[in-house]
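The next block holds one structure in the form of structure tokens; read it before the comments.
The values are calculated or read from the model by the stated rules, or taken from the named source; none is laboratory data. Worth saying up front: this structure is predicted, and the values here are computed from it rather than measured. Because the Cβ atoms are built from the backbone with ideal geometry, glycine has one as well, and the counts that use them run over all protein chains shown. The accessibility values were calculated without ligands, DNA or RNA, using every heavy atom of the protein model including side chains. Shrake-Rupley method; radii C 1.70, N 1.55, O 1.52, S 1.80 Å.
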Amino acid sequence: MVFRIPGVYRPQADTWLLAETLRRAPLPRGGSVLDVCAGTGILGCTAAGLLGARLTAVDISRRALASAWLNCRARGVPVRLVHGGFESARALPRFDVVVANPPYVPAPGTPRRGRARAWDAGPDGRSVLDRLCATLPDLLTERGVAFIVHSALSDAERTVTQLRAGLAGTSVIARASVAFGPVLRSRSAWLAERGLIEKTQRTEELVVIRAEREPSVELALP
């Protein structure tokens with residue numbers, strides 16, 4: 001069961017894809033976990049539970065942080081809550097694992113308030129991803145590893161290229177094709193006009209990207 005205060009992003013296919021990837025991925029034992037754009041905090045809870053680690057959850061929404069606290073408490077995961085953007089985590093000690101399900105849906109504009117902040121990310125879906133890619137090297141320990149999930153509509157190759165500028169071991173390690181949800185269905189005509197999808201397309205590919213300072217022996221999961 002996942003606790004979710006009204007107005008907080010509901011865990012969906014992207015959440016569960018990253019959660020399953022974390023369960024199958026080699027992770028450093030112990031240490032510390034950071035969940036950026038935490039939402040309900042369920043991804044951070046999953047990683048911290050696997051590592052036996054303490055979690056730091058960062059989000060601009062106080063409702064999201066309250067949801068994360070409830071889910072951590074229910075699972076016995078110690079958590080520190082940080083209200084603000086993920087750049088604020090630069091002031092904290094570095095982390096061994098960072099997980100992120102940031103806003104990545106292409107949208108005509110970037111919302112300043114309301115629920116859409118959890119998914120809308122500007123015309124190319126990169127308004128948060130570009131900043132996150134630039135920030136991640138400052139958040140990881142020398143043995144640290146980061147996992148990001150987002151849609152291929154927001155350009156997975158660009159994410160990999162940006163991360164490789166500061167983190168050598170970067171690769172797409174999981175993919176899944178899912179049907180459009182309500183948000184993408186409602187703006188499919190706009191997405192087609194921008195050339196981001198085909199006119200009849202009603203599915204998107206989700207990707208999980210792993211990034212670390214040195215490449216692992218085995219990055220791709222079976």
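Tabulated values for the structure
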{"item": "Test: residue in the range 15-27 that is in a loop (DSSP other than H, G, I, E, B), open to solvent by 50 Å² or more (accessible area, probe 1.4 Å), touching a residue at least 24 places away in the same chain (Cβ under 8 Å) and aliphatic (A, V, I, L, M)", "result": "no"}
{"item": "Residue check, residue 164 out of contact with any Ser or Thr (no Cβ under 9 Å at 6 or more places or on another chain) and either among the basic types (Lys, Arg) or modelled with pLDDT under 95 (or both)", "result": "no"}
{"item": "Residue under evaluation residue 146, criteria (1) touching a strand residue (DSSP E or B) at 6+ places or on another chain (Cβ under 6 Å); (2) open to solvent by 60 Å² or more (accessible area, probe 1.4 Å); (3) modelled with pLDDT of 95 or more, criterion not met", "result": "(2)"}
{"item": "Hits in the range 162-176 - residues which are surrounded by fewer than 20 Cβ atoms within 10 Å (Cβ to Cβ) and touching a Cys at 6+ places or on another chain (Cβ under 9 Å)", "result": "165, 166"}
{"item": "Pick from the range 177-209, criterion in contact (Cβ under 8 Å) with a residue 40 or more places away in the chain, assigned to a loop (DSSP other than H, G, I, E, B) and open to solvent by less than 30 Å² (accessible area, probe 1.4 Å), ranking: nearest to residue 148 (Cα to Cα)", "result": "181"}
{"item": "Test: residue in the range 31-41 that is open to solvent by 50 Å² or more (accessible area, probe 1.4 Å), in contact with a Leu (Cβ under 9 Å, 6 or more places away or on another chain) and in a loop (DSSP other than H, G, I, E, B)", "result": "no"}
{"item": "Scope the range 86-115; condition touching a Ser or Thr at 6+ places or on another chain (Cβ under 9 Å), surrounded by fewer than 16 Cβ atoms within 10 Å (Cβ to Cβ) and of a type outside the set (D, E, K, R); matching residues", "result": "92, 93, 110"}
{"item": "Total residues in the range 49-58, condition open to solvent by 20 Å² or more (accessible area, probe 1.4 Å) and not in a helix (DSSP H, G or I)", "result": "2"}
